[in-house]
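Okay, so here's the structure we're looking at.
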Amino acid sequence: MKSRKQQSATDPAGYISMIHVESDCIDHPVTRQILERVENIPIEVISSDNSSMPDLGIYPRSLTGGKRHLLLAKNRGKFFKPCPGTREYVCCDYQVLNIGMNCPMDCVYCILQAYLNNPYLSFYVNIEDLLTELSAAFAHDPKHFRRIGTGEFTDSLALDSLTGLSSVLVKFMRDKDSAVLELKTKSAVIENLEGLDHGGRTIVAWSLNSPAIMGKEEIRTASLEQRLAAAAKCASWGYRVAFHFDPIIYYAGWQQGYSETIDRLFATVPKEQIAWVSMGCLRYLPSLKKIAGQRFPQSRFFHEEFITGLDGKARYFRTLRVEMYKSLYKELIRYADPRTCIYLCMENNEIWQEVFGFIPEEVGGLPQMLDEAVRQVG
């Protein structure tokens, strides 16, 4: 295993400086496996109510220190739920697999800052319950096609060098013809994916942005070059890949920045392996502006003009959103394979019509568009 100094330079898990284990998890096989993988990190057994976790100060400033503390716990609720979309906007019928909370990386715009009720990283070790719940869902409705993702409340691969969860999920999904798993990340931690019999049921996805935003607003994430190199490797291992331009952020020179990212994407990754590409402009809960402003006072993009959307989130004016989507779409279709699904995340039919010239319902709906992209690519 790499030294902590070497690891922290390339792997977000290297940022962890303390591991806390709930007392009823200490003898769990997954806990033991994780603790065997760590080097020179203090380990503390705590009560199951987390009352003995260290006090990191006033929230939200405690979020910064919390990213160094990993809590190994059991999920005592449901693992598998529909994505918390909004009926006012076109939803893709994504299904969320909750493997933990929070992330060692630190993006200024991260919505989790406004959602979390504690500052720590957490990972759920009772993987057997997760797989049982998934199996039950598949058995209950075996004909329903599902797109499942683990990247809603955490990064799918940021802790994978410690947890090894990706290989468990990939192996579990390889024979599930009625579903695909999407592992979404801003890291380049893909070592556990090499050599697996994935059966084409796992898509490895990266969030991308312009180089300026990635360099200034996405702290401890992999660089554009590292993300694209990782994607190219996964493609060479037979995985389908996907990319998410979300959030698209307005700043002086945004057109050139996003164009550069798209140029480099298609120069590095074979277009035939790309299942889908999403676009979504910056949107956020009103409380996030204050929280991020306290933690990252040097960031300026929250100071642009916004309106309140139908979901209560702040959004750019419609004309600006359309301009940005059209600009990126024009660049994407220069390169993209015609089978790749390019779509908007959480936008209304009017925006779809202006950007693409159609609305999803005219071609069967967004869920069907994405399902067909999965079935066709490969």
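Readers should treat all values here as calculations from the given coordinates under stated rules, not as data from a laboratory. Bear in mind the structure is a predicted one, so any value in this text is a computation, not a measurement. Here the Cβ is made from the backbone with ideal geometry for all residues, glycine too, and neighbour counts use every protein chain on show.
If R0 is 45 Å, the Cβ-Cβ spacing of residue 317 and residue 178 corresponds to a FRET efficiency of close to 0.65. Computed from the Cβ-Cβ distance with R0 of 35 Å, the FRET efficiency linking residue 35 to residue 339 stands at 0.20.
Where does each of 248-260, 27-39 land if you order them by average Cβ count within 10 Å, highest first?
On the way: 248-260: 16.3, 27-39: 14.7.
So the peptides 248-260, 27-39, ranked by packing, come out 248-260, 27-39.
Helical runs assigned H by DSSP (4 residues or longer) give the chain a calculated mean residue ellipticity at 222 nm of -10000 deg cm²/dmol, each run adding -39500 (n - 2.57) before division by the residue total. The Cα center of the stretch 151-206 and the Cα center of the stretch 19-57 differ in position by 24 Å. Computed from label points 7 Å out along Cα-Cβ, the spacing between residue 308 and residue 44 is 4.1 nm.
Express in nm, to one decimal, how much length is gained between residue 216 and residue 301 on full extension, taking 0.36 nm for each residue of separation and deducting their alpha carbon distance.
On the way: separation 85, 0.36 × 85 = 30.60 nm, distance 1.11 nm.
In short, 29.5 nm is gained.
Take every Cα pair under 8 Å in the chain that's 6+ residues apart, average their separations, divide by the length, and report that relative contact order as a whole percent.
Details: 668 pairs, mean separation 58.4, N = 378.
Normalised by residue count, the contact order of the chain is 15 percent.
Beyond 19 Å between alpha-carbons counts as too far, so tell me which of 184/233; 290/326; 143/176 fall in that bin.
On the way: 184/233 15 Å; 290/326 30 Å; 143/176 11 Å.
Too far apart for the 19 Å limit: 290/326.
Please state the shape class of the stretch 325-378: rounded when a/c is under 1.5, otherwise prolate if a/b exceeds b/c and oblate if not, all from the C-alpha gyration tensor. Since a/c reaches 1.5 but b/c is at least a/b, the shape of the stretch 325-378 is classed as oblate.
By the Cβ-Cβ criterion of under 4.7 Å, the unpaired cysteines of the chain are 25, 83, 91, 92, 103, 234, 281, 341, 345.
What is the magnitude of the charge dipole of the chain about its Cα centre, with +1 placed on the Cβ of each Lys and Arg, -1 on the Cβ of each Asp and Glu, and no other charges, expressed in debye to the nearest 20? Dipole size: approximately 580 debye. Along the Cα→Cβ direction, 7 angstrom out, place labels at residue 141 and residue 259. What is the inter-label distance in nm? It works out to 4.4 nm between the two label points. With both residues required to sit in the chain, DSSP beta bridges show an antiparallel share near 20%. Once the C-beta distance of residue 132 and residue 268 is scaled by a Förster radius of 56 Å, the resulting FRET efficiency is 0.90 to the nearest 0.05.
Based on the Cα coordinates of the chain, what is the per residue volume of their convex hull in Å³? Don't skip to the answer; put the middle values down first.
Details: hull volume 51.1 nm³, N = 378.
Dividing the Cα hull volume of the chain by its residue count gives 135 Å³.
Each of 191, 305, 225, 182 was scored by other Cβ atoms within 10 Å of its Cβ. Arranged with the fewest first, they read 305, 225, 191, 182. Taking a point 7 Å from the Cα of residue 356 along the Cα-to-Cβ direction, the residues of the stretch 263-300 with backbone N closer than 16 Å to it are 275-281. Once both labels are positioned 7 Å from their Cα atoms along Cα-to-Cβ, the gap between residue 74 and residue 114 label points is 3.5 nm. Against the chain, whose longest principal axis comes from its Cα atoms, helix 318-335 is set at around 90 degrees. Between residue 368 and residue 58, the contour length at 0.36 nm per residue exceeds the alpha carbon distance by 107.1 nm.
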